[in-house]
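The values are calculated or read from the model by the stated rules, or taken from the named source; none is laboratory data. Predicted, not measured: the structure shown is a model, and the values here were computed from it. Every residue, glycine as well, gets a Cβ built from its backbone with ideal geometry; the counts of neighbours run over all protein chains shown.
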Amino acid sequence: MDFKNHILVILGLILFTNCKPVRVLYTDRYETSHKMVSVYYDRMGDIYPDETVRITSSDLKDGGYAIRQVFDNQVKLNGCESVFESWTGSVNRPVEWQEKWLHVQELLIQRSVDEINKQLDQAGPGAHLVILIHGFNSTMEQSRTWYSIARDTIRNRYGDKPHVFLNLYWDGWRTSGLPNNWAKAQHNFPIVGLEFRRMLNRLDPSIPVRVLAHSSGAPLFMNTLGNATEPFKKRIESSSLQFKRYYLIQNDETTWVEKGYGRLRFDDFRIGMIVPAASNSTFEKFKAPHVPDFDLVVGVNYRDYAITKLIVPCRFRGATCLGKLSRHWNRPIRTLEQVEGISIHVKRLDWSRNNTSMGLFWDDHGMEAYLKRSKTKAVLDALFEM
């Protein structure tokens, strides 16, 4: 990089690093349900109700951007029974009303599981469940766009098997000040990934599962796979309540099983990660028998402007190094190979010389751009071809 480009990068950091981030809220949750299911998570790892329950941005702001508080506020206004029925479709509220929120979440999780099973049955024998996960700084419209492109691409290229898609949406913040505000997303994705495990644990292990995760959607799913607390252990004491709760659950093996956080057990489990924004210490606490067997294919790109964080280190305010260079995977692979009794295979692909410039000297980080690149086909082939 020449001197002029260095100056441009530094000016960009000065101008945009402190831009205030905003929440990604899901007030419009309607999507056609043909061969796909969508689930929406808030910052606490709780699931939104379906689109028939009207929730506004003001409702979420008044509730501290937590769906649970929105529910409690509606109960105060409209009464327990009517709100419980509208959110869950059930009139059988718990006897102990103080347990109402836990019961609401149980019913919402099961609703999604029932819909997934319904769609798989309709798709026919051998149907694959394909999970799509967006990253930090992605609006609902941006996530929906690349989800749609990914669905069409997968159906067109790998149509020999029927596919049902599970679209995961979460509050990954959005901002133009990427290096500074990326740290905020890390308070949300770990517990969303952990809570997502509870949903997947209710599915039939014989279902073939494929995962396509972009950027911080990758470490989100790493928390679905196992105990990925290692990168965050030094930040727990000064962190938010949901972050502490996540850390306690991930490190309490008894709670794992009793509360539905046990090991995933899919027989055919393949995961694709596009420029994963994660630390190379992510897998340090993965151990048998709590980690599932899986195949992992990873695409890295040292020219990706968000993953590299321009000229600051990839460890700055939350590591993104696993998406930058292939050699950063040496430590994670050694760690995974030492997990006894578990079959894990990792394949690395490097996009760094794909000639996909944004117009200056960095590659576009957006998943929509990656899906248009020829090298992304190698990831999809590894996921969907036998």
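Mind listing just one residue for me: the one in segment 291-329 that is among the β-branched types (Val, Ile, Thr) and part of a loop (DSSP other than H, G, I, E, B) and, of those, nearest to PRO219 (Cα to Cα)? Looking at residues that are among the β-branched types (Val, Ile, Thr) and part of a loop (DSSP other than H, G, I, E, B), I get THR320.
Taking ILE333, is it of a type in the set (A, V, I, L, M, F, W, C), assigned to a helix (DSSP H, G or I) and farther than 18 Å from GLY217 by Cβ? Taking the combined requirement at face value, the residue satisfies it.
Among the candidates ALA277, ALA288, ALA319, the residue that is out of contact with any strand residue (DSSP E or B) (no Cβ under 8 Å at 6 or more places or on another chain) and at pLDDT 90 or above is uniquely ALA277.
Can you find a residue that is in contact (Cβ under 8 Å) with a residue 24 or more places away in the chain, under 18 Å from ASP363 (Cβ atoms) and surrounded by fewer than 21 Cβ atoms within 10 Å (Cβ to Cβ) anywhere in segment 280-297? So far as segment 280-297 goes, no, none of its residues is in contact (Cβ under 8 Å) with a residue 24 or more places away in the chain, under 18 Å from ASP363 (Cβ atoms) and surrounded by fewer than 21 Cβ atoms within 10 Å (Cβ to Cβ).
If you go through segment 56-84 and pick out every residue that is closer than 20 Å to VAL192 by Cα and either surrounded by 14 or more Cβ atoms within 10 Å (Cβ to Cβ) or touching a strand residue (DSSP E or B) at 6+ places or on another chain (Cβ under 7 Å) (or both), you end up with 9.
Residues in segment 268-281 that are among the β-branched types (Val, Ile, Thr) and out of contact with any Ser or Thr (no Cβ under 9 Å at 6 or more places or on another chain): ILE271 only. Going residue by residue through segment 23-43, is there one that turns out to be within 26 Å of GLU115 (Cα to Cα), in a loop (DSSP other than H, G, I, E, B) and at pLDDT 90 or above? There is at least one residue in segment 23-43 that is within 26 Å of GLU115 (Cα to Cα), in a loop (DSSP other than H, G, I, E, B) and at pLDDT 90 or above. Checked against the criteria, PHE266 does not count as within 14 Å of VAL346 (Cα to Cα) and assigned to a loop (DSSP other than H, G, I, E, B).
Scan segment 132-146 for residues that are in contact with a Phe, Trp or Tyr (Cβ under 8 Å, 6 or more places away or on another chain) and surrounded by fewer than 23 Cβ atoms within 10 Å (Cβ to Cβ) and the total you get is 1.
Selection of segment 128-169 for residues being in a loop (DSSP other than H, G, I, E, B), under 20 Å from LEU220 (Cβ atoms) and modelled with pLDDT under 95 yields GLY135, PHE136, ASN137, SER138, THR139.
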